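Any read-out appearing in this document is the output of simple, stated calculations on the displayed coordinates, not a laboratory observation. All of these numbers come straight from a predicted model, not from anything done at the bench. Don't worry about glycine lacking a Cβ; one is built from the backbone with ideal geometry, like all the others, and counts go over all protein chains shown.
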Amino acid sequence: MLNEVINYDIADKLYEIATLLEEQRANPYRVSAYRHAADVIRSLPLPVSDIVTQEGLQGLVALPGIGEGIARSIYEYVALGHMSRLESLKGGHDPIALFETIPGIGPKLAHRIIEQLHIDSLQGLELAAHNHRLEKIPGFSASKVAMIKAWLAQVLGGQRPGKYDAEKYDTGKDAGKDKGADESFAEPSVRLILQVDKQYRQKAGAAELPMIAPKRYNPEGKAWLPVMHVSRQGWHFTALFSNTARAHQLERTHDWVVIYFSDDQHHESQHTIVTETRGPLTGQRVVRGREAECREYYSSLQ
């Protein structure tokens, strides 16, 4: 019975992700990938948790048709009982409570992560930790960042494989890669992210996008949040306005844009783009946490 319960729970979550992606006009390939993974999990003769315990992430990846990104979502559910990808699509999770589950992170540090890096998922935190952005936040010593990396590796199934491919991520020199960053944690260039941000805001302004009803800060259940899915240069993007408490407090819900990105293996992370209000980039769109790259990008346009 335990076998059926956990496997059916995970399969239901994967089916729900597929349905949401389909409703939001995502790439049909991604929709079918999640549905196929759900079918595989539901038909397993043993509990998924047994595979995780005995074989780890690679045991999930070895299942037919399940890529590493989806395997990490399954691993996260077994470890923590929730699936961040599903919650981000629904706009319903509390990032403060999520980060407070991590040993060594209390309310103060959780708020700093959100306010300074504008991330709200474990995958986003993982990327920030490995690409040296987390250690720049006051209160995050080298030892604390190392502890967070180790904890994330346990609940997300270990470090993402694969090496940086400059041609895939952009045509600019060193674009899409932080200096000194772990090559396993490549991400789209700021140029590409800003292009997606511009496209999203234009389409949202023209009412050309489907609307979703976020679960948080939406007591009337109104479908007001436009969402866009687009694929470029080997990346799959989901863009939507920020629905965080901070965005509502500062009245930036139609300025801050959260962009989730994944590759063909469904490795996922996120960035938030804002209109800068101070410093040399005032008035420009900036990828929060990657300000130095944004300065280089805008300088290259002059």
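A few points about this structure:
- Failed item in (1) among the basic types (Lys, Arg); (2) in contact with a strand residue (DSSP E or B) (Cβ under 8 Å, 6 or more places away or on another chain); (3) surrounded by fewer than 18 Cβ atoms within 10 Å (Cβ to Cβ), with Lys222 passing the rest: (2)
- Any hit, the stretch 238-247, residues being at positive phi and out of contact with any strand residue (DSSP E or B) (no Cβ under 7 Å at 6 or more places or on another chain): no
- If you go through the stretch 56-91 and pick out every residue that is part of a loop (DSSP other than H, G, I, E, B), touching a Leu at 6+ places or on another chain (Cβ under 9 Å) and within 19 Å of Asp9 (Cα to Cα), you end up with 4.
- Every residue from the stretch 235-275 that is touching an Asp or Glu at 6+ places or on another chain (Cβ under 8 Å) and surrounded by fewer than 17 Cβ atoms within 10 Å (Cβ to Cβ): Arg246, Thr275
- Test for Ser269: is it among the small types (Gly, Ala, Ser), touching a Leu at 6+ places or on another chain (Cβ under 6 Å) and part of a strand (DSSP E or B): yes
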